[in-house]
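Heads up, the thing below is written out as structure tokens.
The values are calculated or read from the model by the stated rules, or taken from the named source; none is laboratory data. Since the structure is predicted, the reported quantities are computational estimates derived from the model, not experimental observations. Cβ: placed from backbone, ideal geometry, glycine included. Neighbour counts: every protein chain shown. Heavy atoms of the whole protein, side chains included, go into the accessibility calculation; ligands, DNA and RNA do not. Shrake-Rupley method; radii C 1.70, N 1.55, O 1.52, S 1.80 Å.
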Amino acid sequence: SFRLYHAVEREYDEQEVLVIRSSYTGKAKDSAVDKAIAQAENVADKTRLSLLKQQTFPHYQALRKIRIQMHKDPKHALPAEQICKKLCMSIGYFRSSYKQCFSVSYVQDVIEVRTLLAGYLLCTTSMSVYAVAIECGYSDEKYFSRQFRQCTGYSPRMYRTMFS
């Protein structure tokens, strides 16, 4: 599922793809399946309404473009200060607007996207951990490893061993 999520995440943004997962354990009965479908539809409706609400926030379109670019190329994600200059915003206003629009801080979003890319590279290539760190926009392998461990609970080497 990680590889699928990464592929979807890099190709589309949150308005183009809405994936809802529901699970059921036990014997397959019509009522249980109907209940699982109803729960998934309920989550989908709430998520769709949340996405529609996001569109009403000030600067949403500009922030969305920045986020799309960051998701497409995490290695070259711009520092928040540079984005603020580009959008003529203060750093505080940018931070609060970004979090209001996407329910995650810009810095955490960059870390998560880089971690997704790193996990993908660790599972699908034989690149060294240092090379993966560089490819994900980190210049320090130890800092990369620490952030990766904080996000996934595994060191990069352990992650590669367990999931590839």
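Can you tell me which residues in region 91-103 are open to solvent by 70 Å² or more (accessible area, probe 1.4 Å) and either over 22 Å from LEU51 (Cα atoms) or not in a loop (DSSP other than H, G, I, E, B) (or both)? Full working, then the answer.
We begin by selecting, within region 91-103, every residue open to solvent by 70 Å² or more (accessible area, probe 1.4 Å); these are 93, 95, 99-100, 103.
TYR93, ARG95, LYS99, GLN100 - these are the residues of region 91-103 that are open to solvent by 70 Å² or more (accessible area, probe 1.4 Å) and either over 22 Å from LEU51 (Cα atoms) or not in a loop (DSSP other than H, G, I, E, B) (or both).
Given ILE111, ILE68, which one is modelled with pLDDT of 95 or more and aliphatic (A, V, I, L, M)?
On the way: ILE68 fails: modelled with pLDDT of 95 or more.
Going through ILE111, ILE68 in turn, the sole match is ILE111.
Take PHE102 and decide whether it is of a type outside the set (Val, Ile, Thr) and farther than 19 Å from ASP73 by Cβ.
Working: of a type outside the set (Val, Ile, Thr): yes; farther than 19 Å from ASP73 by Cβ: no.
Against the criterion (of a type outside the set (Val, Ile, Thr) and farther than 19 Å from ASP73 by Cβ), PHE102 does not qualify.
Might you check whether a residue that is surrounded by fewer than 19 Cβ atoms within 10 Å (Cβ to Cβ), part of a helix (DSSP H, G or I) and over 18 Å from the mean Cα position of the chain (by Cα) occurs anywhere in region 104-120?
The answer is no, given that none of the residues of region 104-120 is surrounded by fewer than 19 Cβ atoms within 10 Å (Cβ to Cβ), part of a helix (DSSP H, G or I) and over 18 Å from the mean Cα position of the chain (by Cα).
Say we look at region 62-74 and pick out the residues that are open to solvent by less than 70 Å² (accessible area, probe 1.4 Å) and over 14 Å from the mean Cα position of the chain (by Cα); which of these is nearest to CYS136 (Cα to Cα)? Before the answer, list the steps.
Let us first name the residues in region 62-74 that are open to solvent by less than 70 Å² (accessible area, probe 1.4 Å), namely 62-64, 66-68, 70-71, 73-74.
Within this subset, residues satisfying the condition of being over 14 Å from the mean Cα position of the chain (by Cα) are 62-63.
Working: ALA62: 24, LEU63: 21 Å.
Restricting to residues being open to solvent by less than 70 Å² (accessible area, probe 1.4 Å) and over 14 Å from the mean Cα position of the chain (by Cα), the top hit is LEU63.
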